[in-house]
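Written out below as structure tokens is the structure these notes cover.
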């Protein structure tokens with residue numbers, strides 16, 4: 001078992017080659033590396049099994065990147081859990097040295113580490129994000145679970161850098177209820193776009 005501060009080893013829940021289903025890169029082939037461990041505590045999280053890092057094996061960065069390269073993917077997405085609980089500097093260095101694009105999905109609750117080609121920032125009400133993510137992220141993705149989330153999304157969108165992409169995504173379990181409201185919001189706020197979990201509609205793992 002490695003320590004949480006050791007950048008050479010990371011707890012991997014799962015890794016797999018698939019199609020990115022959400023946000024700006026939706027529809028793009030991508031190799032996902034899902035790291036174990038999260039204390040953000042989203043009530044609607046669809047990967048709660050990832051929260052306890054102690055149940056997962058720790059792999060060396062070299063092994064993780066070797067498997068990513070072997071998949072044939074060009075884009076690698078590091079997600080969780082909350083991946084920035086760990087120092088990811090070594091991981092991004094190794095991914096880029098292998099000619100791979102390094103993307104991350106994060107709640108922004110922990111300091112940014114690593115050199116990323118694309119940062120998808122998805123803040124959660126359950127643990128406040130750090131201010132640095134508003135200026136450094138390429139994409140804001142807000143999950144719409146109830147009506148109060150639209151005002152909350154606007155507050156975060158207003159703080160983002162002007163070059164960032166803004167996405168609003170209906171939470172899957174309330175998709176029928178929330179999608180029409182998301183459509184209305186985006187029509188009233190044209191800087192925003194709609195993100196859907198297309199992998200779930202298409203039954204893509």
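Values quoted throughout were computed directly from the atomic coordinates according to the rules given, and no laboratory measurement underlies them. If you're wondering where the values come from, they're calculated on a predicted model, not measured in any experiment.
The distance from the alpha carbon centre of the stretch 82-157 to that of the stretch 160-205 is 17 Å, rounded to a whole number. Compute the helix-to-body angle for 61-70: its Cα long axis versus the longest principal axis of the chain, expressed 0 to 90° and rounded to tens. The helix 61-70 is inclined about 70 degrees to the chain. Axis angle, to the nearest 10 degrees, between helix 148-157 and the longest C-alpha principal axis of the chain: 60 degrees. Where (i) 39, 21, 15; (ii) 28, 17, 17; (iii) 27, 21, 16 are the candidate values, the label of the one calculated here for semi-axes √(5λ) of the Cα gyration tensor in Å is (ii). With respect to the chain, whose longest principal axis is taken over its alpha-carbon atoms, helix 175-188 is tilted by about 70°.
To check you understand DSSP bridge types, tell me what percent of the beta bridges within the stretch 87-205 (both residues inside) are antiparallel, rounded to 5. Mind dumping the intermediate values first?
Working: 1 of 16 bridges.
Just about 5 percent of them are antiparallel.
For the chain, the relative contact order is 18 percent, taking Cα pairs closer than 8 Å that sit 6 or more residues apart in sequence and dividing their mean separation by the residue count.
Where both residues lie in the chain, what percent of DSSP beta bridges are antiparallel, nearest 5? Walk me through the intermediate numbers first.
Numbers: 11 of 34 bridges.
Just about 30 percent of them are antiparallel.
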